[in-house]
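What follows is a single structure, written as structure tokens, with notes after it.
The values are calculated or read from the model by the stated rules, or taken from the named source; none is laboratory data. Nothing here was measured: the structure is a model prediction, and the numbers come from that model. Cβ coordinates were reconstructed from backbone atoms using ideal geometry, including for glycine residues, and neighbour counts include every protein chain displayed.
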Amino acid sequence: MLVNFKVKNFRSIKEEQLLSMVASSQKEFTDTHTFLSTASKNLSLVKTAAIYGANAAGKSNILKALDTMKKIVRDSATKYQRGDELPVKTFLFDKEVNEPTEFEINFIYEGVMYQYGFATTKERITEEWLIAYPKGRSQNWFARAYDEETKEYKWQFGDKLTGKKKLWKESTRSNALFLSTAVQLNSEQLQPVFDWFTNKLKIASVDGWDPSFTMSKCLDEKYKKNILRFLKTADMDIEDIEIEVGEFDLSNLPDDMPIELKEKIAQDLKGKELIKGAKFYHLDNYGKKVALDFNDESDGTQKLFSFIGPWIDSLEKGNVLLIDEINDNFHPLMVKFLIEMFHNKDMNKSDAQLIFTTHETSVLNQDTFRRDQIWFCEKQNRATKLYPLTDFSPRKGVEDLEKGYLSGRYGALPFFQDISMAMGK
């Protein structure tokens, strides 16, 4: 479960911005929209957070920052070679900003809170730190910082971090994280931190997910029934789903691919069943089933189906789900339906969390969200600023949030010039 996330000097983000899932002291919807953390009974977290803002305000960059942090954790020790550049883009509109990009995250996994962060340029990790809070007490496990004068790292290791620290330290490249390197070299103590990023933090782009995950879930009859129930609840007239599987065929590979590589791929996939597609069955006017290929369904149906697998999986496993532009291809009532699944105690038994960006203002009301679940994003001096609705304290049951937002009360709206002036008339 996510507690908060900080990012600095990343894309349109110049100064440090904070996204917090910590619930405020307000009393509305505490039973459905919030939950007590497993690390501290004094810490209450919200289940969902919506980020509003104009186009190009930078709201997608908040999610991209989390995605970039995850990729560096996941890949820096295994996929990058010495000298490879790290995938960070700094703020470009201020020549005086010549600092590393910084990420820091607080999360809870298996009952322990962790505070982990690092600063990085394209060339090297300049700082990295990890603090753990088992039983609520802080333990500094490790820290490293690059010294520009000596061109070396200064390291600190806490007594509570066990294992082959000297080996892990010597094996950590300048463009790799110590966390990732130590896990690759069998650090059991650091494995949960790595696992949270790789297994619990699920991020979709504006195009959503590839449908293959949901298709694979449909091979399980029990899971398929849940997916069909979901589709019918969402008013999709799909009676059945048939997943097409088959053996791997070398003819599907590019003709110019080296034969040695083709043979290796064929050997790796030998005997494995691969998903080739899906057919959706609908009823015609006479009650007979009619099959449509997945690609013949509407864009909205394809996207919803692709969402279903990760959505249900996240609700079952307690993942943190990040969706950019959730309103694309979805009706406003569908958006509300998807959000309310996370607020439903019977469906969200594992305290899964949803964070999304959107332009859909029909759900911007105090019947759908608490005030601490709504965030706004706007540009100030070309830099992204993220701030919560609680900065304004709208009155419960009195103030119309949608009207207040669209009238400019909370900022984060696009500014349009007079069209005649824009056309030079």
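State whether one or more residues within the range 340-355 are assigned to a loop (DSSP other than H, G, I, E, B) and aliphatic (A, V, I, L, M). Before you say what the answer is, go through the steps one by one.
Taking the range 340-355 and keeping what is assigned to a loop (DSSP other than H, G, I, E, B), we get 344-352.
Okay, now just the ones that are also aliphatic (A, V, I, L, M), so 347, 352.
The answer is yes; a qualifying residue exists.
Hey, could you check the range 211-240 for residues that are in a loop (DSSP other than H, G, I, E, B) and modelled with pLDDT of 85 or more and say which is nearest to PRO310 (Cα to Cα)? Lay out the reasoning, then the answer.
Taking the range 211-240 as the starting set, the residues that turn out to be in a loop (DSSP other than H, G, I, E, B) are 211, 218-220, 234-239.
Pick out the ones that are also modelled with pLDDT of 85 or more and you get 211, 218-220, 237-239.
On the way: PRO211: 10, CYS218: 12, LEU219: 15, ASP220: 15, ASP237: 21, ILE238: 19, GLU239: 21 Å.
Looking at the filtered set, the residue picked out is PRO211.
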Those residues of the range 290-339 which are in a loop (DSSP other than H, G, I, E, B), in the same structural domain as LEU201 (by TED's automatic domain parsing) and surrounded by fewer than 16 Cβ atoms within 10 Å (Cβ to Cβ) amount to HIS331
Does PHE91 satisfy the criteria of being outside any strand (DSSP E or B), assigned by TED's automatic domain parsing to the domain that holds SER350, out of contact with any Pro (no Cβ under 8 Å at 6 or more places or on another chain) and touching a residue at least 40 places away in the same chain (Cβ under 8 Å)? yes
Among the residues of the range 96-104, is any β-branched (Val, Ile, Thr) and either under 17 Å from ALA143 (Cα atoms) or buried (at least 16 other Cβ atoms within 10 Å of the Cβ) (or both)? yes
Of residues in the range 28-63 being among the basic types (Lys, Arg) and in contact (Cβ under 8 Å) with a residue 60 or more places away in the chain, the one nearest to SER350 (Cα to Cα): LYS47
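Filter the range 356-389 down to residues that are touching a His at 6+ places or on another chain (Cβ under 8 Å) and in a loop (DSSP other than H, G, I, E, B) and give me whichever is farthest from LEU45 (Cα to Cα).
So, considering only residues that are touching a His at 6+ places or on another chain (Cβ under 8 Å) and in a loop (DSSP other than H, G, I, E, B), the one farthest from LEU45 (Cα to Cα) is PHE369.
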Restricting to the range 403-425, what's the tally of residues that are surrounded by 15 or more Cβ atoms within 10 Å (Cβ to Cβ) and either outside any loop (DSSP other than H, G, I, E, B) or at pLDDT below 60 (or both)? 2
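Here is a yes/no grid of residues against (1) assigned to a helix (DSSP H, G or I); (2) buried (at least 19 other Cβ atoms within 10 Å of the Cβ); (3) in contact with a Phe, Trp or Tyr (Cβ under 9 Å, 6 or more places away or on another chain); (4) not assigned by TED's automatic domain parsing to the domain that holds LYS202:
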site: SER24; (1), (2), (3), (4): no, no, no, no
site: ALA39; (1), (2), (3), (4): no, yes, yes, no
site: SER60; (1), (2), (3), (4): yes, yes, no, no
site: LEU86; (1), (2), (3), (4): no, yes, yes, no
